[in-house]
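The structure under discussion appears below in the form of structure tokens.
The values are calculated or read from the model by the stated rules, or taken from the named source; none is laboratory data. Keep in mind it's a predicted model, so treat the numbers as computed, not measured. Cβ atoms come from the backbone with ideal geometry, glycine included; neighbour counts cover every protein chain shown. Note: accessible area is taken over every heavy atom of the protein model, side chains too, but ligands, DNA and RNA are not part of it. Shrake-Rupley method; radii C 1.70, N 1.55, O 1.52, S 1.80 Å.
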Amino acid sequence: LLKVSNFTLSGAFRLRTHHVLTKIVIGTERLPIKLWSPSPIEEGDSKALAQFRDLANHPLAFKHVCGMPDFHGGYGMPIGGVLATIGGVIPNAVGVDIGCGMIAVKTQMRADRIRRDKLEKLRLAIHERVPVGFSRHDKTQSFGNLAKPEETWDNQDFSVPAQGFVATREWNNAATQLGTLGGGNHFIEIQKDEEGFVWIMLHSGSRNVGLKVCEHYHGLATEFMERYNVTLPDTELSFLAEGLPQYEHYLHEMRWCMSYAERNRELMLQAVYAALEEVRGVEIEEVLKVDTHHNFAQMENHFGKDVLVHRKGAVRATGLVTIPGSMGTASFIGRGLDPEESFNTCSHGAGRQMSRSQANKRISPQEARESMKHVVFEFSSKRGKPDHEEMPRAYKDIDAVMEAQADLVEPLYRLVPLAVVKG
């Protein structure tokens, strides 16, 4: 047991820290912070730690605040953060890409049947079918069984918003963004497990409609704070109080965005199947399929209370979960251990250890290409400079992350990348 008293990090706040293996407990003025960290806290963690402190001192926060081993600074709330609230919802504690998540499929195909030249053809075939970055489909895509929010609204206590739901106003834009990857850390990967079977894994969410929903309801939450003179540690953590119609409206649209994100991932998965069948001439069989969200909030019972658990870049650790590494490194399929201490939550990935700007400055073109030489991948360019923000060294070590959360999730499959498609 290592005890460190009155330790100050960048002057952000004073800590009472106990570091047991990889568990770090930090005392604040109100509630404790519990971090599952793959390493001792460092200077680079100061932004995230300051945000965790604001969460722990939030008037709605319950019991304690959690940071998964992939935690890093975000917008209002850290990515990899878990917050349980009583009495309201915080839109920015869910995030702008509502319903973002992973889908992974184990196929019957053997990796040794796909040579590197075939993988290159497969990468190009996927690009032909799946728009990436800011691109979208020229034609509207099928929403499947997903109806407009008004059509599924059944709350007898509150009416539909006067201006209608945000998602309905964005319907036409959302129809052409279905089945598109986006940019940033979103990806499509062809992988193999330790037995040599091919897996498909992809990461994407609710695209621009989720952003619009978050921005709209955060704006309403900010107005609510001002109207009732509510003082918060950070206005980015403004909330909509339970009992308000806007509280119910947000949760309804959030759940709609989660369904939209699922549909988005499914359409891309079908496009990858079509690309594989074109290149390999073999129909794909789904041996195992896992789909998990990591930006959402839902009512659950923890420590004897019904609470609204906000997970931002964090996965509910119940059943099978998908935990990707950085681009070019291993990913995991695991079994959640339903850990009560973390509100039944585990990490959603490796987590950044460099900001995007830091990565582009520190990682040389030579290092970037060397770190990705074992993977079929096309280097892109932004603003006339090499884009290295998703290179392996920009992220934490996924094996260390998995070790740090051994009490949260049990690894079942270790997957290594063969080919990567990015925005």
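Among the residues in region 201-209, are any without any contact (Cβ under 8 Å) to a residue 60 or more places away in the chain, more than 19 Å from residue 269 (Cβ to Cβ) and open to solvent by less than 20 Å² (accessible area, probe 1.4 Å)? Yes, region 201-209 contains at least one residue that is without any contact (Cβ under 8 Å) to a residue 60 or more places away in the chain, more than 19 Å from residue 269 (Cβ to Cβ) and open to solvent by less than 20 Å² (accessible area, probe 1.4 Å).
Across region 253-262, which residue is surrounded by the fewest Cβ atoms within 10 Å (Cβ to Cβ) among those that are in contact with a strand residue (DSSP E or B) (Cβ under 7 Å, 6 or more places away or on another chain) and of a type outside the set (D, E, K, R)? Ranking the qualifying residues of region 253-262, first place goes to 258. Only strands (runs of 3 or more DSSP E) whose full extent lies in region 263-342 are considered here, and the ones with at least 2 residues that are open to solvent by 20 Å² or more (accessible area, probe 1.4 Å), in contact with a strand residue (DSSP E or B) (Cβ under 9 Å, 6 or more places away or on another chain) and without any contact (Cβ under 8 Å) to a residue 12 or more places away in the chain are 295-302. Residue check: is residue 92 without any contact (Cβ under 8 Å) to a residue 12 or more places away in the chain and either within 18 Å of residue 266 (Cα to Cα) or touching a strand residue (DSSP E or B) at 6+ places or on another chain (Cβ under 7 Å) (or both)? Considered against the rule, which asks whether it is without any contact (Cβ under 8 Å) to a residue 12 or more places away in the chain and either within 18 Å of residue 266 (Cα to Cα) or touching a strand residue (DSSP E or B) at 6+ places or on another chain (Cβ under 7 Å) (or both), residue 92 comes out as no.
Is it the case, given these coordinates, that residue 377 is touching a helix residue (DSSP H, G or I) at 6+ places or on another chain (Cβ under 8 Å), buried (at least 20 other Cβ atoms within 10 Å of the Cβ) and either in contact (Cβ under 8 Å) with a residue 12 or more places away in the chain or under 23 Å from residue 204 (Cα atoms) (or both)?
Spelling it out, residue 377 is indeed touching a helix residue (DSSP H, G or I) at 6+ places or on another chain (Cβ under 8 Å), buried (at least 20 other Cβ atoms within 10 Å of the Cβ) and either in contact (Cβ under 8 Å) with a residue 12 or more places away in the chain or under 23 Å from residue 204 (Cα atoms) (or both).
Kindly indicate the residue of region 189-200 that is in a loop (DSSP other than H, G, I, E, B) and open to solvent by 30 Å² or more (accessible area, probe 1.4 Å) and also nearest to residue 74 (Cα to Cα) among those meeting that condition.
Among residues in region 189-200 that are in a loop (DSSP other than H, G, I, E, B) and open to solvent by 30 Å² or more (accessible area, probe 1.4 Å), the one nearest to residue 74 (Cα to Cα) is 194.
Going by what's in this entry, would residue 370 be described as surrounded by fewer than 16 Cβ atoms within 10 Å (Cβ to Cβ) and closer than 29 Å to residue 25 by Cβ? So residue 370 does not fit the description; no. Somewhere in region 158-175, is a residue touching a residue at least 40 places away in the same chain (Cβ under 8 Å), open to solvent by 70 Å² or more (accessible area, probe 1.4 Å), touching a Pro at 6+ places or on another chain (Cβ under 8 Å) and of a type outside the set (Phe, Trp, Tyr)? Yes: region 158-175 contains one or more residues that are touching a residue at least 40 places away in the same chain (Cβ under 8 Å), open to solvent by 70 Å² or more (accessible area, probe 1.4 Å), touching a Pro at 6+ places or on another chain (Cβ under 8 Å) and of a type outside the set (Phe, Trp, Tyr). Selection of strands (runs of 3 or more DSSP E) fully inside region 1-113 by the criterion of at least 1 residues being modelled with pLDDT under 95 and within 23 Å of the chain's Cα centre (by Cα) returns 23-26, 65-75.
Residues in region 112-121 that are among the aliphatic types (A, V, I, L, M) and either touching a Lys or Arg at 6+ places or on another chain (Cβ under 8 Å) or open to solvent by 30 Å² or more (accessible area, probe 1.4 Å) (or both): 1 in all. Restricting attention to region 399-423 and to residues that are open to solvent by 10 Å² or more (accessible area, probe 1.4 Å) and of a type in the set (A, V, I, L, M), the residue that is nearest to residue 323 (Cα to Cα) turns out to be 402. Is it the case that region 218-230 has a residue that's within 21 Å of the chain's Cα centre (by Cα), under 11 Å from residue 91 (Cβ atoms) and open to solvent by 40 Å² or more (accessible area, probe 1.4 Å)? Within region 218-230, not a single residue is within 21 Å of the chain's Cα centre (by Cα), under 11 Å from residue 91 (Cβ atoms) and open to solvent by 40 Å² or more (accessible area, probe 1.4 Å). State whether the residues of region 220-233 include one that is in a helix (DSSP H, G or I), farther than 30 Å from residue 355 by Cα and small (Gly, Ala, Ser). No: zero hits.
Evaluation of residue 131 against the conditions (1) out of contact with any strand residue (DSSP E or B) (no Cβ under 8 Å at 6 or more places or on another chain); (2) at pLDDT 95 or above; (3) open to solvent by 30 Å² or more (accessible area, probe 1.4 Å) shows that the sole unmet condition is (3). The C-beta contact set for region 100-111 (first residue closer than 11 Å to residue 415 by Cβ and open to solvent by 10 Å² or more (accessible area, probe 1.4 Å), second residue at pLDDT below 95 and outside any strand (DSSP E or B), distance under 9 angstrom, 6+ apart or interchain) is empty. All of (1) in contact with a helix residue (DSSP H, G or I) (Cβ under 9 Å, 6 or more places away or on another chain); (2) open to solvent by 70 Å² or more (accessible area, probe 1.4 Å); (3) of a type outside the set (Asp, Glu) hold for residue 181 with one exception: (2). If the condition is being of a type in the set (Asp, Glu) and either in contact with a helix residue (DSSP H, G or I) (Cβ under 8 Å, 6 or more places away or on another chain) or more than 23 Å from residue 266 (Cβ to Cβ) (or both), then region 286-332 contributes 291, 300, 306.
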